[in-house]
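Some notes on the structure that comes next.
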Amino acid sequence: MTITVERRTTGIGSLPHHNIDAALAHSFRMGIPFLPQIPIRNPWEFMIAQALEGLPGLEVDREGIASLNPDIWASRQRELQARLERSFAEAPRNAMAFADFEPSPAISSSWQPFLWELSERRVPHAKIQLAGPMTAQWALKIQGEAPGSAAERLPELSGQIYRLVMARALAMVRRLRQSGIQPLVFLDEPGLYGLSRSNPKQVLGLQELRLLIQTLRKEGARVGLHCCSNTDWEAVLALGLDFLSFDVALSLENLLAAPEALRNFLRAGGRLSLGVIPTTRSAVLRSLNVKALLAETLDAFGERFGEEPELLRRTLREALYTPACGLALHPVSDAELVLEALEEYEAFCREALG
Amino acid sequence: MKKPSLRRTLAERILVLDGAMGTAIQAKELTSADFGGEAHEGCNEFLCVTRPELIREIHESYLEAGADIIETNTFGGTPLVLEEYGLGARTREINLAAARLAREAADSHSTPAKPRFVAGSIGPTTRAISVTGGISFEDLASNFDRQARALIEGGVDYLLLETCQDTRNIKAALLGIERAFAAAQTKLPIAISGTIEASGTMLAGQSVEALLASVSHLELLYIGLNCATGPEFMTDHLRSLARLSPFPVACVPNAGLPDEHGRYLETPGMVARILERFVSSGWVNVLGGCCGTHAGHIRELARLASRSRPRIAAPPRVSALSGIDYLEITEEMRPVIVGERTNVIGSRKFKTLVCEEKFEEAAEIARAQIRSGAQIVDVCLANPDRDELKDMRSFLELAARKVRVPLMIDSTDERVIELALSYSQGKALINSVNLEDGEERFEKVVPLARRYGAALVVGTIDDDPNQGMGISRARKLAIAERSYALLTSKYGVPPEDIYWDPLVFPCATGDAQYAGSAVETIEGIRLIKARFPGTKTVLGISNVSFGLPPAGREALNSVFLYHCVQAGLDLAIVNAEKLERYATLPEEERGLAEDLLYSRGADPVAAFAAHFREKKPATRAVGAKLPLLERLPRYIVEGTKDGLAQDLDEALKAMKPLEIINGPLMAGMDEVGRLFNSNQLIVAEVLQSAEAMKAAVAHLEPFMEKAQSASRGKILLATVKGDVHDIGKNLVEIILANNGFEVVNLGIKVPPEQLIQAVREHRPDLVGLSGLLVKSAQMMVTTAEDFARAGVDTPILVGGAALSSGFVDRQISRAYTTGTVAYASDAMSGLDLAKAIVNPERFAKLKEELAEKRAQLQAAGGSASVATQEAPARRSALIEPLQATPEPPDFERHVLRNTPIERIWRYINPLMLYGRHLGIRGSTVRLLERSEPAPDAKAQRIWDAVQEIKEEFKGTALFRPSAVYRYFRASGEGNTLSLLSAPGGNAAPKALASFEFPRQRRENGLCLADYALSLEEQQRQGLVDSVALFVVTVGKGVRALAEQLKDRGDYLKSHIVQALALESAEAYAELLHEHLRASWGYPDPPELTMMERFQARYRGKRYSFGYPACPRLDDQATLWKLLEPVEIGVELTDGFMMDPESSVSALVFHHPAATYFSVGQKGGPDDDNR
C-alpha cells in the first residue's frame, strides 16, 4: 500500500479547539488531514459516545463517560437491530446502505465540515478514527455499575455494539470513498491494555476486530489501530492491519520486544504510525528537543533492526508521525506547539533518512 | 423660461434627489401646535398647510445643497394615511399645497443650466396588501387615485412611488394613477423606488429582479431603490438592477442603520464614498438620500454627480416571469416545469377540495408541486358548476401568500383573469389567448396583460371553419405567424412575452385525426422556435398519454417531454410530483414509448399497454448436515445458531471448552475470513458468523474452570483526582477479578484523602492508581506524598498512558517515602506485579530490584532539561510600520440590537452553511445560490428546509442578533499589544489592557502585535493607531431547541437550526467587520463580491482567540472585561467558551499587511488555510 503525501504527519483525533473552523484548520495543516473530535464543545464527541450514538438508552455525562439505561435499551433495541440488519443486507447493492449511521452533528460537529473541506480542497487521503468495538464494549457501563457491566448484563448488547461500530465505520468509509478520498480508518482501542489471549471473550473480541479490519479494507480503506498503552503486541500485529499507531515513548520498547511479529507485520506491508511528540505539559513542549527525540527513536529501532538497515529505513520513511495521544484536554496553544514539534520532527526525520 | 425635459436631462447627467424630509422635520423639534393641534401631531404632510414656510425652508436647503429634484412632502398623502390623523377629507388640499410649495421652491432655483424638478412623492400607505391585508385592491387604487389627482394639479413633474414594499400596492397605485391621468387628461412620467429589506427582498418577498419583471411593461422614468439600509447593503441589488433594467436607475440610501440611540451612523463622506463606487461602476442615473441624510449628504452627492457620468442602459432582452420570486426562462434551464395539479379540470383531488371550499388545503397542493420541482404553478378554477370568479378570489387569497413562484392563470373568463392578476405581485402568465373567435379574445385579454404586466400563452388555434386547432406542424406555424403579427404590431406585446402552445393530442385513443399528432407537435415546436427565436413555447405534456394504462402514462410522458425539449420546448405543464426521469427509464420502455409517439410498428399501442401490465419476484436457499467436528465450523461459516447448543453439548463430552473454541470454532472463523476475502461472503453474512461464534462462546463459558476459588488478595483501584479516564483501570479490574483478586473499584477523580480513607477502611494488599492525562502523573506524585504524610505504606501499582517507568522511578517512588511503588506497563504486567506483591518472597525480591534500578538512575543524574527556544520578541521586518493610520469615528462602546437578521443572513457564506455543515457539494451550492435547481433532490430539500427554518424562526428570540464593539487606541511593542485610553488632552495614554501574543519561531516570524505601531512611533509621527474588539451573538436557546428537535426525531431540522445559528454568528461578524472597515474610513471596493469578502480579500483582518495566530483562549477574559458582552447575553464559561455557542468574538486590525498565520515553525502567511 502506498500513501503519497508530501508530509507524513497526521493527528490522533481529539483537539482542544472550541470552534469547528479552528479545529479543521489545525487538522488540515497536517500532511494527512484527520477528522477532528472536539469534545470541549460537547461531551458526545468523546470517543465512546461518538462510536455508540444510536444505541437506545445511551447516556453521556459531562466528562464523556458513557452509560446505558438498560430499560430503554431493552424496549427499543429491536429497532436498532432491524436498522442494522437492513443496512447490512442492502450493503452489497446499495452504496448508501449505511448512510443512516454516519455520525450526526450531535456527536461529530466536524464530520460534515470535514467532508466538505476534503472535497473542496481535493485532498487525496484523510484519516478518520473511531473507538474500536472491544474498547466500546468494555467501557460502556450501566449507570452506577462498573464499566463493561452493560455488555456483561445484556448478552445481546455486545453484538449490537460490534455491528453499530462496524456500520458507523463503513458509513464513514463509504462516504469518503464516494467523494474520491482514500480513507485511513484508525480504530482507537485503548482497551487493549487488558488484552489476554487466555480469556475466550477477548479472543473472540480479537476475531471480531480482525473481521472489522478485513471488512473495512475490502471497502477500500486502509485500516490502522491506535493503542495508547501497552498490550499483547504480538496479537495486535497479527490482526491484518495496515497501520499500527502507538505512543513511542510509552510503547516502542515493548513493541520492539516482539521483533518477529513486528518484522512479519512490516514485511507484509504493515506500517507504523509513530506517536512521537509527547502530549505533555506546555513547559515541556516549549523546551522539547526534537532532534534528541528523533535520535532516541532511531537508536531504539537500530538496536533491534540494525542488521536490516533497508527494512528500518523503509519503515521509518513510510511511517506516519503523530502526537502521542489526542489533544482534547490540553490548551489550544499546546496543540500549536505539538503541531510545530511534529512538523519539525518529520522534517528532521526526512533529512536523516534521505 | 423653457425648461429642458426631465427625460432628456436624465439622459445627459446624473440627477440628484433631495435628502430626508422626515428626519429633517424631526430635527426641528416641533410641538403639537405646529401640526395644528394634538390630533394632527406627527402628520408631517399637514405641515404643508400649517407651517408651509418650514417645509419650504427644508426644500430650499436641499436645493441650495445642489439637489436637482425635490420631493413633495406627501409621503403619507393618501386619504388612507391622512385619515389616521382625521385628515382624510383634506387629501386634495394637503397634496395640492405640498405640490405648490415644492413647485415654487424648485422654480425659484431653476436655471436653464440647472433646471430643478419636483417629484410628487407617493408612499406605500400603511398597508402592504400582500402582507398586512386590511384593504381591498380596489380601495387601495382609489386612494392612490385621489392623491395623484392633487399632485398633478399642483404641478409636479412626475409621480414617484417610493419606499415600495409590495408590488401589489404598486399595481394598485398604477391603476389609480391611470385613472387620475384620465381624469386630468394628462400623463406624467412615473418612477418607482423599491425598498429592499435586510432580508434581500421587499417586505412582501420580492427580490429586485422580481420587482423589475413585474413593472417592466411600463415606460418608467426610472426605477430605483431607497430607504431600509445604508448604501453598502444596496450593492448587490443595485448591481442586478443596473444589469437588467431598461430604465434609468436610482439609488437613494439611508445614512446607514441607526444605533440603539437612533443615530444614523454614516457621515456624508462615508455615504458619498460608497455611492462613488456605484457611480464609477456605471450603475446609476439618480442619486439621493433617504432617512438620516441631510443637506450635507446631498451636497456631497451633488459634487459626486457633477463629476460623474450617468449609466447608459443596455439591458439584454429576456423572457422573465415573477411571482414573489424571479424566474428568467433561459436556454440552460429548459424545460421549466409548470405544476398542473392546481387545476380543477386535471386534478380530481384539487377539484374536490375546491368544491368543499377547503382552500387552505387546495393551496397546499400548489406548495407540494413547488417542493417537487414546479417552477410555475398553473391555476385553473373553471368548474362550470361553480362561480369561477369567487373561487379564484378565495383560492388566491391564500395561495398568493404561500406560492412564491410565478402563476399561470388558466381561464377563459377575462374577469377572472383580471382578478387573478390583481392578486399577483409579479409578472404572471395568462393561459391562454388564441384566434378561435377571431381577434375577440386578444382584444379582451391582451390589454389586461399590458395593464398588469403579464405574459401570454398563445394557442395555435384560429377561426378556420374546417379545423381550428393546428394539428399539423405547418398549421401550427401558420397560426403562430398570424398571431405574432397581431400581438407585436397591433397590441404592442414584446416577443419575449409570447409563449406558444402548439397543442398536444392523445396519441393512443385511436382517433384518426390525431394519428401521428405527437410527432407533429414535436416538429411544430422546432418550426416555431426557428421562426420566432425571441419567443418561448409551452405544452401540456400529459395529454399525450390520455387513455393509456396508468403505469405507462408516466413513462410515455417522460419520453414525449424528452423529445419536445430536444426540439426546443421551454415550459412543460406536468405533474411535477410524478415526473419520471428519461435517463432512468429502461431502454425497453423508452423504445416502446418512442414507437408509440412516432407510430412505429404494427400496433405500438398494444405492445406498450401489454408491457406495463407485467411484474416479477425473487428467492434464496440454505445448507446441509455433516459429522460433529465438521458441523461446528459450519455453524460459524453459515452463521446459524439452530442446533448449535446441542452440538456444543455433544462436543463437551469429549473436549474442554477452550479446545472447542480454539479448535473447530476458530477454524470456522478462519474460513469465514478466507471466504470474505475472496468475496464469497458479504459483510452481513460475516456478522451472522460472528454472532454464531459469540453464542457458542457464551454457551461454553459456564463450563470453564474458575482460575481460583479463594481470594488471592484485595486491591483498591482508582483513577486519580482530575481524571475521568477509566478504561485501563477497568480492564485491570476485570483481569485481576478473573484471577482471584478481590477488587474495590473507587471510580474516577478520586482525591488522595478519599483514597487514604478507603485504605484505612478496606485494608487492601495493594492500591492501583490509574490516569490518562499528563496532569494525572503529577497527581500520582501528590497522592504518593499524601500517602506518606498520612503514614500509609500499602504498595502502590501505577499505570496509565501518561506514565513511563522513568517518571515512576524518578518522581513517584521518591515521593512515596513510606512504601513501594511499581509501574505496570499494561494490565497483564499489572497482574504479574499484583501476584508478586501478595507473595512475601516475590515482593521482597521485587523491592530489591526496584531499589537497585532507582539507585542506578540516581547515579546517572536524573533528567536533563533543555533550554527553551522562544523566539525573540522583535517586530517582524515583514510588517512595515504604517506612515498613516485610519481614524475611527470614536472610542466609545457601542451596542447594536437592531441589526435585522435578514441582513445578517445575506452575509452567511453559503459554502459554509450548505456545504460544510449540511454536506451539499460546493458546485451544487453555487447552483442553488443562483436560484437554479439542484442536480439532486437531497440538496434541494436541504436548501428548502433552511429557507423554511429561516421563515419559521426569524423575529423570534432564537435569531435575535446583538453585538457590542469598540475601537481602542493601541500600540504594539515586541509581542505585546496594549490597548490604551482614548486619545485627547495632554495626559499620557493609560494602558487599559494588554495581550501577549506568541511569535512565529523563525527569522522575521510574525506576531499579532506587529500590526499596531509602537507608542514611540505613534508619537514620533503624530499618529494614533487603533484596533477594534467585538462580540456578536445570534442564537440564544439554540442548543435547547436543537435538543428538543432531536428528541422528537427531527434530526435534520435540529442540525440545520444549529448550523444556521453558528453561521449566522459568523455572518454577523463579517457584517460588523465590514462596518468597522467603513467606519475606519476604508470601505470595501464595490466590485468586492461576497465570495471575496468571505475569503477576507479586504484590508485588515479579524482574529479570534483560540485560532493559530492567537491560540490562548484565556485572552477571552481580557476581552470580556473590556467589552462586557454580558450585556448582550453572552457569557464566558470556565473553559473560556462563549455561551451561547453561536457567538463570535474578535480582535480587528486594520493593517493592510495583516494576514492569517500560525505561530508554528512551518507556519507562514495563510498557513492556517483560511
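Indicate the gyration tensor shape class of region A:20-353 (rounded, prolate or oblate), computed on the Cα atoms with a ≥ b ≥ c the square roots of the eigenvalues: a/c under 1.5 is rounded; otherwise a/b larger than b/c is prolate and the rest oblate. Here region A:20-353 falls in the prolate category.
Roughly to the nearest percent, how much of the accessible area of chain B is carbon and sulfur, given a 1.4 Å probe? C and S atoms contribute 49 percent here. A Cβ-based charge dipole, computed about the Cα centre of chain B with Lys and Arg at +1 and Asp and Glu at -1, lands at about 1680 debye.
Counting Lys +1, Arg +1, Asp -1, Glu -1, what net charge surrounds A:H226 among other residues with beta carbon under 14 Å of its beta carbon? In short, -1. Note on region A:20-353: antiparallel DSSP beta bridges, both residues inside, total approximately 10 percent of the bridges counted.
Which pairs, out of B:K351/B:K954; B:K28/B:K1121; B:K721/B:K847; B:K171/B:K390; B:K694/B:K729, put more than 29 Å between their alpha-carbon atoms?
Those over the limit are B:K351/B:K954; B:K28/B:K1121.
Any chance you could check the Cα centroid distance between region B:1069-1143 and region B:901-966 for me, in angstrom? If you average the Cα positions of each part, the centres end up 21 Å apart.
Which percent, nearest 5, of DSSP beta bridges in the protein assembly as shown are antiparallel? Antiparallel bridges make up about 30 percent of those DSSP assigns within the protein assembly as shown. Nearest 5 percent is fine: what portion of the DSSP beta bridges confined to chain B is antiparallel? Roughly 35 percent of the beta bridges in chain B run antiparallel, per DSSP. Working from the Cα coordinates of the protein assembly as shown, the gyration tensor eigenvalues give, after taking √(5λ), semi-axes of 70, 46, 26 Å in decreasing order.
Taking every C-alpha pair closer than 8 Å and separated by at least 6 residues, the mean separation divided by the residue count of chain B gives a relative contact order of 6 percent.
Against the longest principal axis of chain A, how steep is helix A:332-353, in degrees 0 to 90 to the nearest 10, with axes from Cα atoms? Helix A:332-353 sits at roughly 50 degrees to that axis.
Over what distance in Å are the Cα centres of region A:251-322 and region B:342-372 separated? Distance between centres, Cα-based: 71 Å.
Charge tally around B:A150: other residues with Cβ under 14 Å, Lys/Arg +1 each, Asp/Glu -1 each, net +3. For the peptide A:322-335, the mean number of other protein chain Cβ atoms found within 10 angstrom of a residue's Cβ is 4.
Peptide A:112-124 has a mean shielding of 4, counted as Cβ atoms of other protein chains within 10 Å of each residue's Cβ.
Pair-distance distribution P(r) for region A:1-155, from all Cα-Cα distances in 10 Å bins starting at 0: 10, 33, 33, 19, 4, 0 percent. Averaged over peptide A:210-223, the number of partner chain Cβ atoms lying within 10 Å of each residue's Cβ comes to 3. Within region B:192-265, the trypsin sites (Lys or Arg not before Pro) that combine a DSSP coil assignment with at most 16 other C-beta atoms in a 10 angstrom radius are B:R263. With contributions of -39500 (n - 2.57) from each DSSP H run of at least four residues, the per-residue ellipticity at 222 nm computed over chain B stands at -12500 deg cm²/dmol.
About its Cα centre, the protein assembly as shown has a charge dipole of approximately 1660 debye under the convention of +1 per Lys or Arg Cβ and -1 per Asp or Glu Cβ, with nothing else charged. In terms of Cα to Cα distance under 16 Å, which aspartates and glutamates are near enough to B:K536, apart from those fewer than 8 places away along the same chain? B:K536 reaches B:E328, B:E331, B:E332, B:E481, B:E496, B:D497, B:D501, B:E523, B:D570.
Under the combined filter of DSSP loop state and at most 15 neighbouring Cβ atoms within 10 Å, region B:1063-1102 retains these GluC sites (Glu not before Pro): B:E1087. Between rounded, prolate and oblate, where does region B:93-233 land on the alpha carbon gyration tensor, with a ≥ b ≥ c its root eigenvalues, rounded for a/c under 1.5, else prolate if a/b exceeds b/c? Cα axes put region B:93-233 in the oblate bin.
Annotation for region B:141-209: trypsin sites (Lys or Arg not before Pro) lying in DSSP loop with at most 10 further Cβ atoms inside 10 Å of their Cβ do not exist.
Both chains summed, the buried accessible area for A and B stands near 7200 Å², from protein heavy atoms and a 1.4 Å probe. Given +1 at the Cβ of Lys and Arg, -1 at the Cβ of Asp and Glu and no other charges, the dipole of region A:20-353 around its Cα centre is 920 debye to the nearest 20.
The values are calculated or read from the model by the stated rules, or taken from the named source; none is laboratory data. Keep in mind that this is a model prediction, so the values were computed, not measured. FYI the Cβ positions are ideal-geometry reconstructions off the backbone, even for glycines, and counts take in every protein chain you see. SASA here: full protein model, heavy atoms, side chains in, ligands and nucleic acids out. Shrake-Rupley method; radii C 1.70, N 1.55, O 1.52, S 1.80 Å.
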